[in-house]
Every structure is written in structure tokens, then in C-alpha cells.
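The values are calculated or read from the model by the stated rules, or taken from the named source; none is laboratory data. As the structure is a computational prediction, the values presented were derived from the model and not from experiment. Every residue, glycine as well, gets a Cβ built from its backbone with ideal geometry; the counts of neighbours run over all protein chains shown.
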Amino acid sequence: MAETIDPARADDAPLSTSKHGSAAAATAAREYGSPTDGDPDELIGRTVTINRPRAELYAFWRDFTNLPSFMDNVERIELRDARRSHWTVKAPGGSHVEWTAVVTEEREGEYIAWTSEEGADVPNSGSIAFKDAQGGRGTIVTATILYDPPAGIIGKVIAKMFQREPAIQARRDLRRFKQLMETGEVATGARNRRLLEEGKN
Amino acid sequence: MRALTWHGKHDVRVDTVDDPEILNPRDAIIKITSTAICGSDLHLYDGYIPTMQAGDILGHEFMGEVVEVGGKSTLKKGQRVVVPFTISCGSCYHCGKHQYSACDNGLPADNQDIAQTLYGQPMAGLFGYSHMTGGYSGGQAEYVRVPFSDVGPIVIPDGIEDEKVLFLSDILPTGWMAAENAEIEPGDTVAVWGCGPVGLFAVQSAFLMGAERVIAIDHFPRRLELARQFGAETINFEESATYEALMEMTGGIGPDACIDAVGLEAHGLFVDNVIDQIKASTFLGTDRPHSIRQAILACRKGGRVSMPAVYGGFVDKFPLGAFMQKGLTLKTGQTHVQHYLPGLLNAIMEEKIDTTFLISHTLPLENAPDGYRIFHDKQNEATKVVLKPGFDRVELDI
């Protein structure tokens, strides 16, 4: 097991803002659980405040088939049963990676934690938490993702994709979630459909 | 459609490009009837704004007729509207506080990264003003896609000509907010740096808010004359020393409030300005802030500084000592246009504010490159250039 954060030196800031990346990931893995067949050494955390009620945001997220509407890299999510969903995610060069995620813990309106099942192309685990924001500002949504970029040939491609700017991808996805929930649409600077499809903003 | 597109420093062209379409439920398509060139468009023209791409359509001051609406737009086909230059969602925390230019959702998610890095948080989107502000096609065109059309555009009653209301899109609310940010009290003397459109609207607004005296500073005689027409006293900084003149004209006190309506491209060959130009051209510093330095130095102790002028990056030699020691207050920001529209439309209809005096040139959209050249090169005569789509190009003797 990797070194964890020294409790004597821990502060109140989220682990995802730690200057000691791998120790923070190991500490988070101890806290949130890690994927069944991986030893995660990458931790991403992002928080966004959304001006909508907690129950509404939770309900939208918990229907996992909604997620591709704001997660750019996610091609589709198929539900296997109430707790298991199969994810197909775009990878560089027109390929894709897949895994099945199983919900390990959920508290209605507050919290969903998941981990990937054995055989995942990218073993990962994480949580999405919903808390009331102070001063009636809506809901504070925090996504925490732990993942283990695998070895091997396909692993190199995947690692390249996931290590490129994984935090930026999570940040952009959360911004789109916020836009969709607050405004009912995802903003685009494109002038027309052709430019939108070409990804020109 | 025909549109004015940017291709590089001092290179803008009217091209045929594909039309805009409704992409989101709250969108509307506007057929442009009038669109103006803004002083801040000259920052693009001069190549000072990063993240521009060849072919980008410029223009953020425009109005026109609603020709198409998305399912959740509240506009109706045939309505005449003026469109704010800021793209704001109306439903986030900031829009709820009427801080529209700080909207969380006006920028596409991918375009928020630069502002987040440079400014700490992303800002509202802007029409026709680089990809850092959203990459939205602007309104110097025959048609434009307007997002969040249920929040931004203001419907104009019949019988009011374009020229009276066009400037609601940017410069009138910007000049008004500049004066509001100066927190003017009865008996105040307000100094305004820059007699461009924003400065001239700030002069009018300051008087409406109770200023006893307004002192306007510029070096173009024609612009100073316009300020004088609205009751301002003037300083031509090429003829008189600005700081000394302000001190003498205010009985040795300094102006109670100072408004910097010059911004990023300060004119004049002052020593710090020249150093700034060298730094800007070598990317050591991006802004040339002579006017804000002078405003802070001249402002009376405990006074207010308002900065509608556009700054984008970093400055040095900012007189932080004077700012702190004198206990000044600085208020600034991109304009919360949507907040001011109803009140200012009323002020125009009640003829409390004159807007048409500004327009020096009205040209076909096809002549837009001429318009940019005139506005850029002849700042004494060219106070405002308005473009009209749908007319043939004319030969100009310039």
C-alpha cells in the first residue's frame, strides 16, 4: 500500500487539492474503497455549485442513462440492473474503452459511490456527493474519481487519454451538468449545426 | 449570408458565410437592421485580443427583427429587439443578483478554461469577441444566433428608430454603469478620462446622477466639443498637464470621482506609456494603463475610481501605494447590460438621454472594412460608425 497522508498534518481541504498526489490517492482509496482489480494512483476531485434543489440533481444523476447528455467522452451507458451499469467511453483514434460500474453505496438525495467490476479496461471507483449550499444557493456537487491507468498496449492508449487532462475533462463535464440543470441546455458558441458537429466553438 | 470576418491585424473582410441556425431551445435568430463598430472592436482590429481565429464574425452592438425562435424563447417573430453584448443565462446565482456579466453559464464549458486560468473563474459569454469569450458569431452580419433569447434581448416599441436605441446593446449601459460605480453624491466633481462613446455617455449619466461638475479629458477636439455640449468642462491632454489641471480646477482637492473610459489602448506619448507599448509588443505586459494610473493619482483622498475601460491581462507600475494611502474605492467590471435595459429604454423614450448625437458615419455592411479603417484612423471625426446590412457597397472617398 502506498504512503498515505500523515493525519497529524492533514487539514480541512479536500484530498483532491493535496500537493502530494499519490499519498492523497491512497488515502482516498482507504476512505472510499478502490476498484476490485486495481490499485488507483490517480485522484480527481471537482466541486461545482448548482442553483437547483438537491433532490432534483440527485434524481437526474441517479438515472445513469442521462449522463451522456453532458459527459462528452461517454458514448453510452446501458443499465444491467438497479445497481449495475455498462459504460462505453470514447478513446483516441476512434476506439473506445468499456467497464461495468456497480453502485457500492447510495443515500437518497445525498450520495452515490461506485466501483468498476473485474475486467474493466480502466479500473475506477468514485463518488458523487450532493449537499445543500449555504444561503439558499442551491446544491454543492462534488465528484471524486479514483482510477488506475492499466499497463499493456491498450493500456498505453488509455493512459494517454486519461492522463492527458483528466481533471479538465471532469471539470468540463461538471460545468455542462450545471448548465443543463440551471438553464435547460448546454451552451455552445457554434453558429449552426455543421460547426457544432465539427466541434467548433 | 454576408458577414464581417476577422482575418488578422488590420485585416477584416465582408465574406459570404453559412447562415446561423437554432441550436438550443432558448435560441432566437435575429435579422440585423443596425449594428455598430465598438471601440473595443478596435482592440480586435489591432490584434491585442488573444484566441481570435481567422473567419470569426465580429460585432457585439446590434439590433434587428426576430425571424426564428426556439421552443423556449419568449420572443415572437417580427418583434424588434436590441441584444445585450453579454450572453447571460438568467438562471444562475450571479444572474439572480443581476450580475449578468458574471454569469456562470454563458460560456460553453470548453471555452471556460482560459478565463478560469487567467481570472480564477469563468465570465459571461460575449458576441463576436474571441474564443476566450465563447467563440460566438457576432452581429456585424445579416443574421445572428442569439442564445438565452428569453433573458437578454429587449423588445423595442414601434415608432422608435434604430439609431435611438441601438446603443442600449453596450455603450449606453456601460457609460451609465460607469457613473453608477462612481457613487456620485450631490455637489461632486467627476473626471472622465476618454470622450469616446462610453465616456460621453458617462458624462451625461454623471449629470443625471447629480454631479455638479464633470471634467472630460481627451485629445480629440471634436470629442471634447461633444462633452462640452453636455455641460462638461474639458482638458485637452496635449495642451494642458492633466494632473495639474485637475488639481487647479478642483481647488487643489482632486476630483471626487474618477472614471477611466480609456482602457487598454491608451493614447499619448507618456514615458510609462511608451514602456508599456514596448512591453506589450514583446509580451512582457499586455495592457497599457496610463489613464488608470493618472485617475488614481488625481482622485481626491477617500474618493471613488470607476473603471469601465476594458483590461484583459496584467499591468505593472500600478500605483498601489497611492490607492491604499488615500483610501480609494475602485469599482469596475463588464457591464451588467440586462440589468439596465428597461430603465435606460425609458430614459431614451422620455428624452432624458440623447444617443443619436454620437453617430458620425452610417455605412452599408458591405463597407464595414472602410468603417473599421475610418473609426481607427480618424478618431477626431469618427465618433461612431453604424453599419446597415442589405445595401450595396458604396465607393468612399477616404
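Miscellaneous remarks
- On inspection, B:C95 does not qualify as out of contact with any Gly (no Cβ under 6 Å at 6 or more places or on another chain), within 13 Å of chain A (Cβ to nearest Cβ), at negative phi and without any contact (Cβ under 8 Å) to a residue 40 or more places away in the chain.
- Residues being under 22 Å from B:P25 (Cα atoms), surrounded by 24 or more Cβ atoms within 10 Å (Cβ to Cβ) and either more than 8 Å from chain A (Cβ to nearest Cβ) or touching a helix residue (DSSP H, G or I) at 6+ places or on another chain (Cβ under 8 Å) (or both) - total across the range B:127-142: 7
- Candidates B:R2, B:R80, B:R13: the one that is more than 9 Å from every other protein chain (Cβ to nearest Cβ), among the basic types (K, R) and closer than 16 Å to A:R191 by Cα is B:R2.
- With respect to (1) more than 20 Å from the chain's Cα centre (by Cα); (2) within 14 Å of chain A (Cβ to nearest Cβ), the lone exception for B:E185 is condition (2).
- Residues (assigned to a helix (DSSP H, G or I), within 11 Å of the chain's Cα centre (by Cα) and farther than 21 Å from B:A298 by Cβ) located in the range B:163-175: B:F167, B:L168, B:S169, B:I171, B:L172, B:P173, B:T174
- Qualifying residue in the range B:153-162 (condition: over 18 Å from the mean Cα position of the chain (by Cα), at the interface with chain A (Cβ under 8 Å from one of its Cβ atoms) and either surrounded by 24 or more Cβ atoms within 10 Å (Cβ to Cβ) or not in a helix (DSSP H, G or I) (or both)): no
- Only one entry of B:Q112, B:Q116 meets the criterion of being without any contact (Cβ under 8 Å) to a residue 60 or more places away in the chain, surrounded by fewer than 20 Cβ atoms within 10 Å (Cβ to Cβ) and either facing chain A (nearest Cβ under 10 Å) or in a helix (DSSP H, G or I) (or both), and that entry is B:Q116.
- Residue-level check: of (1) assigned by TED's automatic domain parsing to the domain that holds B:V190; (2) within 24 Å of B:Q140 (Cα to Cα); (3) among the hydroxyl-bearing types (S, T, Y), B:S306 misses just (2).
- Residue in the range B:9-27 that is outside any loop (DSSP other than H, G, I, E, B), of a type in the set (A, V, I, L, M) and under 19 Å from the mean Cα position of the chain (by Cα) present: no
- Every residue from the range A:88-141 that is crowded, with 19+ Cβ neighbours inside 10 Å, assigned to a strand (DSSP E or B) and at pLDDT 95 or above: A:A101, A:I112, A:I128, A:F130, A:T139, A:V141
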